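K.L.:
Below is one structure. I have some questions about it.
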């Protein structure tokens, strides 16, 4: 008995032979000869090669498995996963980013797709007895009594270096820091010229590599550090 794993290959061989005989009666059989003949050649090569055991044990059919494996992420993305699965961002979150970038409506009427009764779901309610606050601009002074104190906002731009973002992205982030009145962390990539263009406040992160303040041997350079730290645009 022929093992079941060879059935598809055997059928391709049989249909190739049938198509060859039928070619004398109808020219349409040429299509079958081309299609099934190609599959038969592929199955023969699968049997002869020794690099992949799956192809050797399942000639022809192994390629269907590879094909499904190749489009697996797309199948999960469009047909299986919900819009709220967050790895690393959900389709719902990504759609909002696209809509806002195109300046189109980003609201969905009639509620939400999220389960508002699950753990960690957060929302804000209007207070029935609002508190009186001195200022809407929540800030805290960092380095008070030091040479260069800074009044920092609670909303700032976290570390993303020029090495991981483009020049335009750095310009946009720093311009946003300038408009919002908060600081822009340079990331470990140090201060590039793009960080300086729009005049937003900077927090210089030297990290473990001393980027921007090391000598040719890679050691910490106090003079370079002092020059950057004294720049009034760096905090």
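K.L.:
Name the residue, out of 74, 69, that is under 38 Å from the mean Cα position of the chain (by Cα), under 30 Å from residue 106 (Cβ atoms) and assigned to a helix (DSSP H, G or I). So that I can check it myself, show each step before the final result.
P.N.:
Values: 69 fails: under 30 Å from residue 106 (Cβ atoms).
That would be 74, the only listed residue that is under 38 Å from the mean Cα position of the chain (by Cα), under 30 Å from residue 106 (Cβ atoms) and assigned to a helix (DSSP H, G or I).
K.L.:
Any idea which of 182, 155 is more than 22 Å from residue 211 (Cβ to Cβ), in the same structural domain as residue 205 (by TED's automatic domain parsing), in contact with a helix residue (DSSP H, G or I) (Cβ under 9 Å, 6 or more places away or on another chain) and modelled with pLDDT of 90 or more?
P.N.:
Values: 155 fails: modelled with pLDDT of 90 or more.
Residue meeting the stated conditions: 182.
K.L.:
Right, something else. Any residue that is surrounded by fewer than 15 Cβ atoms within 10 Å (Cβ to Cβ) and at pLDDT 90 or above - is there at least one of those in the stretch 74-91?
P.N.:
No, because not a single residue in the stretch 74-91 is surrounded by fewer than 15 Cβ atoms within 10 Å (Cβ to Cβ) and at pLDDT 90 or above.
K.L.:
Let me ask something additional. Between a first residue in the stretch 121-143 that is within 30 Å of residue 202 (Cα to Cα) and a second residue that is at pLDDT 80 or above and exposed (fewer than 10 other Cβ atoms within 10 Å of the Cβ), which pairs have beta carbons less than 8 Å apart while being 6 or more apart in sequence or on different chains?
P.N.:
138/154; 139/154; 140/154
The values are calculated or read from the model by the stated rules, or taken from the named source; none is laboratory data. Since this is a predicted model, take the numbers as computed values, not measurements. Note that each Cβ is placed from the backbone with ideal geometry, even for glycine, and that neighbours are counted across all protein chains shown.
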